[in-house]
Amino acid sequence: MNHKIKSLVLSLAIIAIFAASFVLPVAVFAQEERKPLFVGAWPYLLPPQGHFNTFVTNALTFGIYHQMIQEPLALYFWANLSYIPWLATDWKVEGDYFVVHLRDGVTFHDGTPFTAKDVACTWQIHYMLNHPIYQYIDKVEVVDDHTVRFHIIKASPVLIRYILREPVRPYSTYKEYCDKVAQLWAQGKGPASDEMKQLAAEFRNFRPDKYIGTGPFMWTGEITEAEVWFKFYENYWNKDRVKFRWLKLINGETPQVTPHVLAKEVDYATHGFPPATEKQFIELGIRIIRPPIYSGPCLYFNMKIWPLNEVWFRRAIAYAINKTENAWVSLGLSAKKLPLMSGLPLEFEEPWLYPETRAKLNPYNYDPQKAAQILEEHGFTKGPDGFWRYPNGTVVHFELSFPAEYADWSAAAQNVAEQLTAFGIKITPRAVTFTQHPQEVLDGNFQLAIRHWGGGANPHPYFSFYADFIYWNQKAAGIGEGRPGISFPLEQDTECCGHVNIKELVFACAEGFDVEKQKEIVNKLALIYNELLPGVPLWERYGNNPSLDGVRVTGWPPDDDPIYKNPPYGDAFVVFMLLTGYGLKPTPQNMPTPPGPAGPDITMIAVILIIALVVIAVGIYYMKKK
């Protein structure tokens, strides 16, 4: 081949390379334009530590966004205390059964149909793991593909709450374990049986190879230390209501997420941002939404340690802490001191507690003189160094642990340590990574610790008292066995109520559908909590949620909108809005680029150019050989 032909071939090769380098990215972008996009934030663990068994520790549930992947049977609207049909179309109590009818035409992300078998499987796994619902039901039955029923042994609004708000997992993923549980259950083997314990232990190591649900967003496999992506499920049953087609979550707790919020790279976050950071957000024009969380940080005591197991000592601690100060330095306007130490959130006290009960409750207002008097009455003395000493002369000194990455709880813990040390009880604060800290508390590996009080995103007092008395005290370890936790005795002799079995009262306060009968027990539990102080609630937390308007998202409702009765967690208002189309919508710049006029297929051109490039390259190779 002569020189001119060689030059021509070489020129064509160069042109093909340049064309491909420009056209291919355009083609890829046209296929992968990720709009409209919503950006949230939630901490998660990378695989393999993070995994797809969404029943057990370290699962990649992504917190509040879990229910956008694996959906519940119903949503809940706090403003009018009502359930909204979702995967279920209706439900009712029929005799001794709670019967649920399921939506037809729903599919999982892998195309398999959603049926009653998936709902039953979800609750079979929970039976093995000793879920609290089995205080109220003892059987789950598939009636037909779209009907499932639960046999009631104790009527309660709690069982309805548990059933309707639980994310439904696919039978196709968990069928091996669901079938084994069903067999053992039919043989009368309960969660405490050796066979079920062994199966549960095996199950906690089960790692599914895929993550599927019925929700509008599905797993893409794109996960890094920094972010994780989800794309819209095109066969989603309610697709016309969902206004976004991509979901991205920024990984991390408050320190990691803060720079992204400041850079306006996050549309919404639930983290507890310090007052100084919140001020920066406001200065940048980022709106702060403050919904009630119905919970907050609490100072817990290891009751295996003297004198932490003495109620008089816990009362002295309650008097020695200025809880108004602690609230303000921790979270500013989003923290409120509790006027009554009832174990219930502020919003529950008026509708649930009788006026005479509220009058009896000790507010434990800041009174260091009262705290000192209590200690002196029990033989404690204050040394010349300003520290209290036990009757044997040794300094009173405790370690206070807290989750390091929770900025609001960290601030609360540091302030408690400073206040108690100034009072004369020496406190050494110890920060523990947020994933490890709850395990340390449940295992009894602490002296003093900051964990939550109150039921958070649950609208019945039962959930608050379960958290206050039981959650950090007798938390099930997944196989029906208790862990020591705070080791607070649940049978006590009280001044207010005589001898009480607190665990029985907690479950009894949610039995039946007669609210007045429930109130009687709720008031009793409030008095018991106030008297015995299994923990000292520091304040009630309200959200200080940065909600960016005008960049990718707009349509945030005004502050007085009823949607903000829903808390940021559990029945999360932002998830409710994203699922239903309530308020939120993409900005114009967050919409996909409209298609241009009809013309050649860019992708096809790119493919042709690549083929041409290969042919030319082969030609050049053979020319050189000749």
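The values are calculated or read from the model by the stated rules, or taken from the named source; none is laboratory data. Here the structure is a predicted model, which means the values were calculated and not measured. So basically every Cβ, Gly included, is an ideal-geometry build from the backbone, and we count neighbours across all protein chains shown.
Structure notes:
Let's see how each residue does on (1) closer than 15 Å to ILE64 by Cβ; (2) in a loop (DSSP other than H, G, I, E, B); (3) not assigned by TED's automatic domain parsing to the domain that holds GLN280:
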{"position": "ASP549", "(1), (2), (3)": "no, yes, no"}
{"position": "PRO557", "(1), (2), (3)": "no, yes, no"}
{"position": "ASP560", "(1), (2), (3)": "no, yes, no"}
{"position": "ILE563", "(1), (2), (3)": "yes, no, no"}
{"position": "PRO568", "(1), (2), (3)": "yes, yes, no"}
{"position": "ASP571", "(1), (2), (3)": "yes, yes, no"}
{"position": "VAL574", "(1), (2), (3)": "yes, no, no"}
{"position": "MET577", "(1), (2), (3)": "yes, no, no"}
{"position": "GLY583", "(1), (2), (3)": "no, yes, no"}
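- Test: residue in the range 63-71 that is outside any helix (DSSP H, G or I), of a type in the set (Gly, Ala, Ser) and modelled with pLDDT of 95 or more: no
- Flag if GLY188 is assigned by TED's automatic domain parsing to the domain that holds PHE52 and assigned to a loop (DSSP other than H, G, I, E, B): no
- Counted residues, the range 77-95 - those being in contact with a His (Cβ under 6 Å, 6 or more places away or on another chain) and either surrounded by 14 or more Cβ atoms within 10 Å (Cβ to Cβ) or assigned by TED's automatic domain parsing to the domain that holds ALA457 (or both): 1
Yes/no matrix, rows are residues, columns are (1) in contact (Cβ under 8 Å) with a residue 60 or more places away in the chain; (2) touching a Phe, Trp or Tyr at 6+ places or on another chain (Cβ under 6 Å):
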| site | (1), (2) |
| --- | --- |
| TYR294 | yes, no |
| PRO297 | yes, yes |
| ALA318 | yes, yes |
| ASN322 | yes, yes |
| PRO339 | no, no |
| LEU344 | yes, no |
| LYS382 | no, yes |
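- Single condition ASN58 does not satisfy, out of (1) surrounded by 15 or more Cβ atoms within 10 Å (Cβ to Cβ); (2) outside the structural domain of ASN205 (by TED's automatic domain parsing): (1)
- Test: residue in the range 574-582 that is of a type outside the set (D, E, K, R) and modelled with pLDDT under 95: no
- Taking the range 265-289 as the range and being surrounded by fewer than 17 Cβ atoms within 10 Å (Cβ to Cβ) and not β-branched (Val, Ile, Thr) as the test, the residues that pass are ALA276, LYS279, GLN280, GLU283, LEU284, GLY285, ARG287.
- Only one of ASN58, ASN80, ASN53 that is on the phi < 0 side of the Ramachandran plot and either among the hydroxyl-bearing types (Ser, Thr, Tyr) or under 18 Å from the mean Cα position of the chain (by Cα) (or both): ASN53
- Subset of the range 243-264 that is out of contact with any strand residue (DSSP E or B) (no Cβ under 7 Å at 6 or more places or on another chain) and within 23 Å of GLY555 (Cβ to Cβ) - its residue that is surrounded by the fewest Cβ atoms within 10 Å (Cβ to Cβ): ALA263
- Residue pairs meeting the criteria (Cβ under 6 Å; at least 6 apart or on separate chains; first in the same structural domain as ASN365 (by TED's automatic domain parsing) and farther than 30 Å from ALA371 by Cβ, in the range 512-538; second of a type in the set (A, V, I, L, M) and part of a helix (DSSP H, G or I)): ILE521/LEU505; ILE521/ALA508
- Single residue of the range 129-147 satisfying the filter (under 14 Å from LEU102 (Cβ atoms) and outside any strand (DSSP E or B)) that is nearest to the chain's Cα centre (by Cα): HIS146
- Taking the range 410-509 and the helices (runs of 4 or more DSSP H) fully enclosed by it, the elements with 1 or more residues that are out of contact with any helix residue (DSSP H, G or I) (no Cβ under 6 Å at 6 or more places or on another chain) and over 30 Å from GLU202 (Cα atoms) are at 461-465, 502-508.
- Candidates TYR236, TYR171 - the one that is out of contact with any Leu (no Cβ under 9 Å at 6 or more places or on another chain), in the same structural domain as PRO588 (by TED's automatic domain parsing), over 30 Å from THR433 (Cα atoms) and surrounded by 13 or more Cβ atoms within 10 Å (Cβ to Cβ): TYR236
- Given (1) more than 23 Å from the chain's Cα centre (by Cα); (2) under 25 Å from GLN414 (Cα atoms); (3) of a type in the set (D, E, K, R), number of the condition ARG541 does not satisfy: (1)
- Search result, residues across the range 540-556 that are surrounded by 23 or more Cβ atoms within 10 Å (Cβ to Cβ) and closer than 23 Å to GLU349 by Cβ: GLU540, ARG541, GLY543, ASN544
- Only one of LEU299, LEU308, LEU284 that is touching a helix residue (DSSP H, G or I) at 6+ places or on another chain (Cβ under 8 Å) and more than 21 Å from GLU418 (Cα to Cα): LEU284
- Any hit, the range 226-248, residues being in contact with a helix residue (DSSP H, G or I) (Cβ under 7 Å, 6 or more places away or on another chain) and of a type in the set (D, E, K, R): yes
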